[in-house]
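Here it is: the structure, laid out below.
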Amino acid sequence: MKFTIWHGHPEKQSTDCIITGIYEKNKLSKSATLLNKSTHGMLHRLAEQGDLRGKIAETYVLHHLTGSEAQRVLLVGAGKEETLSLPNYRKMIAASMQALLKTPAEKVLFCLTELPVEGLHEADKIRHAIDVMQYTLYEFDHYRSEKSPKRKLHSIEIYTTDKKHTKAAEKALAQGLAIADGVKFTRDLANQPANVCTPTWVANRAKAFAAEYSNIKMQVLDEKEMLKLGMGAMLAVAAGSEEPPKLVSLEYKGTAKKQAPIVLVGKGITFDTGGLSLKPADSMVGMKYDMCGAATVLGTMKAAAEMKLPIHLVGILALAENMPSGKAVRPEDIVTSLSGQTIEILNTDAEGRLVLCDALTYAERYKPDVVIDIATLTGAVVIALGQHATGVLSNHQPLADKLLDAGKRTHDRAWQLPLWEDYQDQLKSPFADMSNVGGRSAGTITAACFLSRFTKKYHWAHLDVAGTAAMMMGGSERYATGRPVPLLAQYLIDRS
Ligand code: BES
Ligand code: MN
Ligand code: ZN
């Protein structure tokens, strides 16, 4: 899709389709008012007749209006209030794309960016428009014999109301596209099935990605090297699988200045059966998405590299498959982590924290400014926050605040849970330094408590994305969302 910033007279623009807004009670947006004028009051008449009700995200396509140069006008309901909420603005954009795809339009002019939205400047509105459009247009038909028909739509012009805004609008467009590219990269990786997407396959994809950028270097640790280093927790998870684990590190240097890096660590379980603590069959569906943390690290790095952010960024992918077998780790086995702390593995299905703890200790060697891990870590976070918010836990409140704010701005929202000392007791083991599970209560918090024992040397935040990285509505409604790439990309923009 080609996106451009456009300024001019919408009513005089000859295009396949103009997308504009209409409120309830026959109130038109600015560009719709101009169209109404040039069509001698046609939009007003249709609204009076009751054809255009203006209900939020309702769409109406009008053809060949006399007095307009456009072949079609796509009106999108904007609701009652002149100033839109961000969720309603985003709903309108998604609805406009769905309606648009049912028409043969190839080139369109998108004017919804002119609508006032609560707390947003035009640049933000453009960013959200790109985000929602690219998200809605996404498809993964790699394995379908019958591919979706090729789309006619190829060019979207985004309206800016003032010529003076053009520069800011173009910057917002470039940022929006870079982040959307990152989101797409993450979704494409995550949607791959686990018989293709193995730790080795992901490592190869990371390698191909790094090769595209002269300022990204990559390194892979294999099983032998992990053994030598003493990554007993990570190796315990991989023990039951025929697929060897990989620990991938990517380093992006967007600036010549010496800077302590921001380190992102991703949980990359390419399939989570639970291991010997085997999951029931129904709970295993969706577990190909257990590498979404690693996919998010790659997508975020892509967005940062595309935006050429002047930052120092490191990505670490903890890649393994969690399988039961005669070689698999058992409940009550005790392993020694890279940090030297010993862990009694009471439940082999709590494997994410085991691969992460060694990756988090490994992150120390980069002398990080901050470390953020991203993981589909607990079912408990889905119970607590549902599919709307990512769980945030942190040992440094200013870092948590920055992440929460970045999530708010990108509508990739997150919510904080406490990381109080009081919860640490739940991890006591009679035989080792800690157990890998903390019982039924506060499952997301005790998982983060476990990780916190390996992140004492730096500022750290944990993002539990079990509810947000993939949508699981059963049946054919299953897909990766690419979250929280927008949140993290915004955090990196804010830091640069
Ligand atoms: N990958 C799962 C968490 C998960 C659950 C992600 C649902 C997405 C949707 C994780 O490895 C897991 O199995 N966690 C256990 C931990 C428990 C054994 C302490 C869980 O949440 O049940
Ligand atoms: Mn598990
Ligand atoms: Zn898992």
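Each reported figure results from applying straightforward, stated rules to the coordinates on display, with no laboratory input. Quick caveat: nothing in here was measured; it's all calculated off a predicted structure. Positions of Cβ are generated from backbone atoms using ideal geometry, with glycine treated the same way; all protein chains shown enter the neighbour counts.
Identify all residues within the range 285-327 that are acidic (Asp, Glu) and either assigned to a helix (DSSP H, G or I) or more than 18 Å from Glu351 (Cα to Cα) (or both); write none if there are none.
The first filter runs over the range 285-327 and keeps only residues acidic (Asp, Glu), leaving 290, 306, 321.
Selection gives Asp290, Glu306.
Moving on. With the requirement that a residue be crowded, with 18+ Cβ neighbours inside 10 Å and not in a helix (DSSP H, G or I), what does the range 435-457 give you?
Across the range 435-457, the qualifying residues are Ser435, Asn436, Val437, Gly438, Ala442, Arg453, Phe454, Thr455.
Continuing with the same structure: Which one of these is assigned to a loop (DSSP other than H, G, I, E, B), in contact with a strand residue (DSSP E or B) (Cβ under 8 Å, 6 or more places away or on another chain), buried (at least 22 other Cβ atoms within 10 Å of the Cβ) and of a type in the set (D, E, K, R): Asp412, Asp373? Spell out the reasoning first.
Working: Asp373 fails: assigned to a loop (DSSP other than H, G, I, E, B).
Testing whether each residue is assigned to a loop (DSSP other than H, G, I, E, B), in contact with a strand residue (DSSP E or B) (Cβ under 8 Å, 6 or more places away or on another chain), buried (at least 22 other Cβ atoms within 10 Å of the Cβ) and of a type in the set (D, E, K, R) leaves just Asp412.
Within the range 328-370, count every residue that is part of a loop (DSSP other than H, G, I, E, B) and within 24 Å of Ala400 (Cβ to Cβ). If you could, list the steps in order and put the result at the bottom.
Kept after step one, since they are part of a loop (DSSP other than H, G, I, E, B), are these residues of the range 328-370: 328-332, 337-341, 346-351, 367-369.
In the following step, the residues that additionally are within 24 Å of Ala400 (Cβ to Cβ) were identified as 339, 350, 367-369.
Looking only at that region, the number is 5.
What is the residue count in the range 312-359 for residues that are under 18 Å from Glu223 (Cα atoms), more than 16 Å from ligand 3 (Cβ to nearest atom) and aliphatic (A, V, I, L, M)?
Adding up the residues that qualify gives 3.
Now for a separate question. Need at least 3 residues that are more than 29 Å from Met133 (Cα to Cα) and more than 16 Å from ligand 2 (Cβ to nearest atom) per element, so show me which helices (runs of 4 or more DSSP H) inside the range 174-280 make the cut, counting only ones lying wholly within it.
199-211, 223-229
What are the pairs with Cβ atoms under 6 angstrom where one residue, in the range 272-299, is closer than 15 Å to Ala194 by Cβ and in contact (Cβ under 8 Å) with a residue 12 or more places away in the chain and the other, located anywhere, is near ligand 3 (Cβ under 10 Å from one of its atoms) and part of a helix (DSSP H, G or I)? Sequence gap at least six, or different chains.
Asp272/Met287; Asp272/Asp290
Just for strands (runs of 3 or more DSSP E) wholly inside the range 36-124: which have at least 1 residues that are β-branched (Val, Ile, Thr) and either touching a Phe, Trp or Tyr at 6+ places or on another chain (Cβ under 7 Å) or surrounded by fewer than 20 Cβ atoms within 10 Å (Cβ to Cβ) (or both)?
Answer list for the range 36-124: 59-63.
Mind listing whichever residues of the range 339-381 are among the charged types (D, E, K, R), more than 12 Å from ligand 2 (Cβ to nearest atom) and in contact (Cβ under 8 Å) with a residue 60 or more places away in the chain?
Once the filter is applied, which keeps residues that are among the charged types (D, E, K, R), more than 12 Å from ligand 2 (Cβ to nearest atom) and in contact (Cβ under 8 Å) with a residue 60 or more places away in the chain, the range 339-381 yields Glu344, Asp358, Glu364, Lys367, Asp369, Asp373.
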